[in-house]
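Working notes for the structure below.
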């Protein structure tokens, strides 16, 4: 049975497929001010689940949530030279408040290192106060010239962690711990994205950091997306804000710091990792709705789906009942497919006679009749199977579309053809990186030969991952 | 054993006691931009628990979370005449973005009725799309001339619900449901504040509403604090934004709307309701830390508090272990008292010999030795007892400090003496209300004789609650 495509096919126009999906699955709209977005309930439900999973891991890593102001005095930004240079072109500036022109304009936070250090410098007195581990969930603003919903928006939602430590080693270890135990664990095991963990080159480092750790995912079109970063800030902000502590032996020392963040951009990454021509596919561990139970038609079906919904809820499954029998069944089925709900359970009059239900699985695809009464028991394993399948597909894509190369030209060719290249960093270096940039190709990260994160850019055997990116 | 007061006593200077408590319990700091605040981890922990409890109730009431942009085109605000008049003096205006002057300045949201209606008018097509029930957790900015931490800040955190309904009755019922089932249920049963539910007079109504429902609490000094509001917006914003739907019989109708919000101001209300001269007292159902287990000194005590902490956690209690035996015990005890943790369990070397622990209860006060092993079983009932006690004290204060009066002068006197007055609204009216305002006294709300919420200002038997307020 041929049907008209609901979305522009990925193969025809990937960016347009992405935008179609966001509109039709009702994930988000463009906001009225250029570059802003409205996150609709289903899209926000994805973000809420991301927040919950990350927040648990962040607290497990010992950090506590707090909240710092949206408005930062312009003068704070200028105290760390690289930082202001990096952010100045993207700032939104408030010049009027309460009907008057302000004496000093304030900027809307693009990130909070500066304002947080102003307080860290007050709160940190002695080595007993360290490590100080803070996180905040907040909106930030970076004026965006070429906005794209979820991926690049002038305002986005994120979490930003900020920590202060007594030693370089402790800060370094904590940045690595967040990278691995919070971000990678979440992205691999919940988002089902086979991210690569590496370090950024000097060119791609965060403005003000001495080292940036990154997580890079391969999207459906072979481009890379940076899904999160964890920075070692060294003592750069500590110097700028004089954040000192009294050491155990009575000396005054500058703290060592980290900062780290992930944002609503991950929603874009989720779509581009797992989506297909029928819409989104949401990994079950993330899904706000893991199973939808649809009544096809008739009052008795409605009663049956409600009863089954209750049983599935009792079995710990996040379930939604769709009993809108006044809306055509086909339209509802397509809609749930677009939204990527992992499992659809359909019940109509004939099923009631037979004690069956039709089980449609969004992730592997396919439909089969099942005994309705067995679902509360069988569904959890089915969902775990689907979770594993998405990660496997993500890994297979990355592996099959990554090419080992040894020259800059081969690397550029692999990237422009829609894939990743692996090239020894020694063969590329900062000069090669600059040449690739002319072709809109970048070094996404550096990794060690064994896949671990190298200690330095020039560690022997370091490999660069080269790609086009979002 | 006399000790120097940790805080300015309430009786000496209530506002200073409030500020002292916020500093010493490490709840918040003033931000660098006038009127903004930094919410520190313990203060934010209180807000997070408020969010969780409210979010559950909001979802139970059928609303879904979403997110609308921080920046609103200035022109949107002007579309509803009363609304812009109410908010214009408090707006923060962004005039520059991305290094350039903006063509149209944008305002930082003071509330989101306007931008939300812009989208409701697109999303709502037919009666099938109604009711549309949306909530968002967000920061908002209202430039504040006389800021006070948590109570009046230029930026604050809140939730704002926005709904659209097919009929006046449906909207009215939903505003009342939020008022009662979400807000009052949370404030009475979690915050332990014996709030009065009423309607605002025309003078005190939200700018753009046809009716404002409010929850008013009496603070420790007898003043009133508005803890939340739920508005019927009628069709005011629907007209301004042309938010229409196709009715079942094919006509085009304007929607009827509500909006409702509570904010970080509730943290201020919590402090001023339950705090005493030793610090905060946090109701157990809200408390991020319900019990702290302190090791007095010695390695064995440390092991014992960790083990007991695990047992209490397993019993479902939110517990924190304080094993910082290198910090003087007295200082730690005072600190937990300041933070208002309901139950403190202290274990020292002598307790280990006897299998005892010292149980200090912050809410009723007092200390007694108990068998340590019984605590996982006995503590839940103790916490519920403390929860009930706070509500009882809140109710007793309100009752004992509310005076029945029949004249404007008596009402003004009761309010300026630090209490509330109840006066028949027929004896006061808008003229009386204006006269009270000259003495900084206001009508907090109107209630029916039986304590319910009246249907109209002029319903027979309506009583006005008159007080000074924050």
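The values are calculated or read from the model by the stated rules, or taken from the named source; none is laboratory data. Given the structure is predicted, the values throughout are model-derived calculations rather than measurements. Quick reminder, even Gly has a Cβ in these numbers, built from the backbone with ideal geometry, and neighbours come from all protein chains shown.
Some notes on this structure:
- Residue B:333 surrounded by 15 or more Cβ atoms within 10 Å (Cβ to Cβ) and at pLDDT 95 or above: yes
- Of all residues in segment A:34-55 being in a helix (DSSP H, G or I) and more than 16 Å from the chain's Cα centre (by Cα), the one that is nearest to the other protein chains (Cβ to nearest Cβ): A:41
- The set of residues from segment B:57-72 being out of contact with any helix residue (DSSP H, G or I) (no Cβ under 8 Å at 6 or more places or on another chain) and either farther than 24 Å from residue B:120 by Cα or buried (at least 18 other Cβ atoms within 10 Å of the Cβ) (or both) comprises B:63, B:70, B:71.
- Hey, residue A:74 closer than 28 Å to residue A:204 by Cβ and in contact with a strand residue (DSSP E or B) (Cβ under 7 Å, 6 or more places away or on another chain) or not: yes
- Hits in segment B:162-185 - residues which are in contact with a strand residue (DSSP E or B) (Cβ under 9 Å, 6 or more places away or on another chain), in a helix (DSSP H, G or I) and in contact (Cβ under 8 Å) with a residue 60 or more places away in the chain: B:168, B:170, B:171, B:172, B:174, B:175, B:176, B:177, B:178, B:179, B:182, B:183
- Matching option when the condition is under 13 Å from residue B:295 (Cβ atoms) and under 30 Å from the mean Cα position of the chain (by Cα), among B:321, B:334: B:321
- In segment A:144-170, residue nearest to the chain's Cα centre (by Cα) [restricted to those that are modelled with pLDDT of 95 or more, over 23 Å from residue A:46 (Cβ atoms) and within 14 Å of chain B (Cβ to nearest Cβ)]: A:162
- If you go through segment B:141-161 and keep only what is surrounded by fewer than 20 Cβ atoms within 10 Å (Cβ to Cβ), over 30 Å from residue B:452 (Cα atoms) and in contact with a strand residue (DSSP E or B) (Cβ under 6 Å, 6 or more places away or on another chain), you end up with just B:144.
- Just one of the numbered conditions (1) without any contact (Cβ under 8 Å) to a residue 12 or more places away in the chain; (2) buried (at least 24 other Cβ atoms within 10 Å of the Cβ) is not true of residue A:251: (2).
- Counted residues, segment B:79-103 - those being under 19 Å from residue A:90 (Cα atoms) and out of contact with any strand residue (DSSP E or B) (no Cβ under 7 Å at 6 or more places or on another chain): 4
- Checked against (1) closer than 30 Å to residue B:340 by Cα; (2) part of a strand (DSSP E or B), residue B:231 passes all but a single condition, namely (1).
- Taking the numbered list (1) crowded, with 21+ Cβ neighbours inside 10 Å; (2) within 15 Å of residue A:262 (Cβ to Cβ); (3) within 16 Å of the chain's Cα centre (by Cα) in turn, residue A:224 passes all entries but (2).
- In segment B:9-32 there is at least one residue matching the filter, namely being touching a helix residue (DSSP H, G or I) at 6+ places or on another chain (Cβ under 6 Å), within 11 Å of another protein chain (Cβ to nearest Cβ) and not in a loop (DSSP other than H, G, I, E, B).
- Selection status of residue A:173, more than 13 Å from every other protein chain (Cβ to nearest Cβ), surrounded by fewer than 24 Cβ atoms within 10 Å (Cβ to Cβ), at pLDDT 95 or above and within 23 Å of residue A:67 (Cβ to Cβ): no
- Number of positions in segment A:269-292 that are touching a residue at least 60 places away in the same chain (Cβ under 8 Å) and either outside any loop (DSSP other than H, G, I, E, B) or more than 19 Å from residue A:320 (Cβ to Cβ) (or both): 11
To keep it simple, each residue is scored yes or no on (1) under 20 Å from residue B:53 (Cα atoms); (2) modelled with pLDDT of 95 or more; (3) assigned by TED's automatic domain parsing to the domain that holds residue B:191.
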residue: B:213; (1), (2), (3): no, yes, yes
residue: B:222; (1), (2), (3): no, yes, yes
residue: B:226; (1), (2), (3): yes, yes, yes
residue: B:235; (1), (2), (3): no, yes, yes
residue: B:239; (1), (2), (3): no, yes, yes
residue: B:263; (1), (2), (3): yes, yes, yes
residue: B:306; (1), (2), (3): no, yes, no
